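Worksheet for the structure shown next.
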Amino acid sequence: MQETSPVRPHRDGPVLEVTLDRPKANAIDLETSRLMGEIFAQFRDDPDLRVAIVTGAGQKFFCPGWDLKAAAGGDAVDGDYGRGGFGGLQELRGMNKPVIAAVNGICCGGGLELALSADIILAADHASFALPEIRSGTVADAASIKLPKRIPYHIAMEMLLTGRWLNAQEARRWGLVNHLYPAADLMQQAREMARLLASGPPLVYAAIKEIVRDAEDSKFQDAMNRVTGRQLESVDVLYGSDDNKEGARAFAEKRDPVWKGR
């Protein structure tokens, strides 16, 4: 990867760090979105990678979303965002590995939608969050779907309808963010979380994520029937795996399990 790339992937054992680096604000244009989609698809499909961290370069911007300057220069808002849709994550099928967003600054518009595509959101204590699309006469489509399911409805609607900002403490209070840290500690904490997850059972993570997706618009009993009937691929793989047997053996032998992802 060339140093001038707007996205910097870095492997550290089973952890992939994906850093958005487009001065001055880490905004995403079509080319960057397509590149992110390829990186996240490669992460999804690589058996040696177990956890991803997505963050922004610097300490001012995580990501403000769509690059309006690129749009003014000809990038179409409804153009080809590549695999996974905008930012490479929110529509990427089969993403059955944990993803952590380490929000290091301003996180708004499509940048907030990118963070919402992660499973766990960690943030610097100076970070801020908003959906300012209303002020430019457009709609935050993915956030309109996701945000009211993540935080109280009336808070989500205020953000969507007025564009008002949440500071990091408010975001934590309403459950948008899992944990807050001083800016200097954010990536260390994200890496510790990633290492913790990477030490866990990857087949169980895959089953959890598929069950959550499948159950999102289902009645409880219908979803349960699909799980107990092993109708979900990742659940069926898990219950027929060596890892499933290893978990029981390790418990009986009072030792830490050794997960092999098979």
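A few notes on this one:
- Complete set of residues in segment 217-238 that are free of Cβ contacts under 8 Å to residues at least 40 places away in the same chain, of a type outside the set (A, V, I, L, M, F, W, C) and either surrounded by 11 or more Cβ atoms within 10 Å (Cβ to Cβ) or farther than 21 Å from Gly94 by Cβ (or both): Ser218, Lys219, Gln221, Asp222, Asn225, Arg226, Thr228, Arg230, Gln231, Glu233, Asp236
- From the options Ile155, Ile121, residue that is in contact with a helix residue (DSSP H, G or I) (Cβ under 8 Å, 6 or more places away or on another chain) and of a type in the set (Val, Ile, Thr): Ile121
- All positions within segment 142-169 that are part of a helix (DSSP H, G or I) and surrounded by 15 or more Cβ atoms within 10 Å (Cβ to Cβ): Ala142, Ala143, Ser144, Lys146, Leu147, Pro148, Ile155, Ala156, Met159, Leu160, Ala168
- Just one of the listed residues (Ala194, Ala190, Ala184) is farther than 30 Å from Lys260 by Cβ and in the same structural domain as Ala52 (by TED's automatic domain parsing), namely Ala184.
One line per residue, one yes/no per condition, for (1) assigned by TED's automatic domain parsing to the domain that holds Leu186; (2) at pLDDT 95 or above; (3) closer than 28 Å to Glu192 by Cα; (4) among the polar types (S, T, N, Q):
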{"residue": "Asp75", "(1), (2), (3), (4)": "yes, no, no, no"}
{"residue": "Gly79", "(1), (2), (3), (4)": "yes, no, no, no"}
{"residue": "Gly82", "(1), (2), (3), (4)": "yes, no, no, no"}
{"residue": "Asn96", "(1), (2), (3), (4)": "yes, yes, yes, yes"}
{"residue": "Leu116", "(1), (2), (3), (4)": "yes, yes, yes, no"}
{"residue": "Leu147", "(1), (2), (3), (4)": "yes, yes, yes, no"}
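- Whenever a residue of segment 184-199 is surrounded by fewer than 17 Cβ atoms within 10 Å (Cβ to Cβ), its partners that are modelled with pLDDT under 95 and not in a helix (DSSP H, G or I), lying with C-beta atoms within less than 9 angstrom and at least six residues away or across chains, give the pairs Ala184/Gln59; Ser199/Asp256; Ser199/Trp259.
The values are calculated or read from the model by the stated rules, or taken from the named source; none is laboratory data. Since we're looking at a predicted model, the values are computed, not measured. Because the Cβ atoms are built from the backbone with ideal geometry, glycine has one as well, and the counts that use them run over all protein chains shown.
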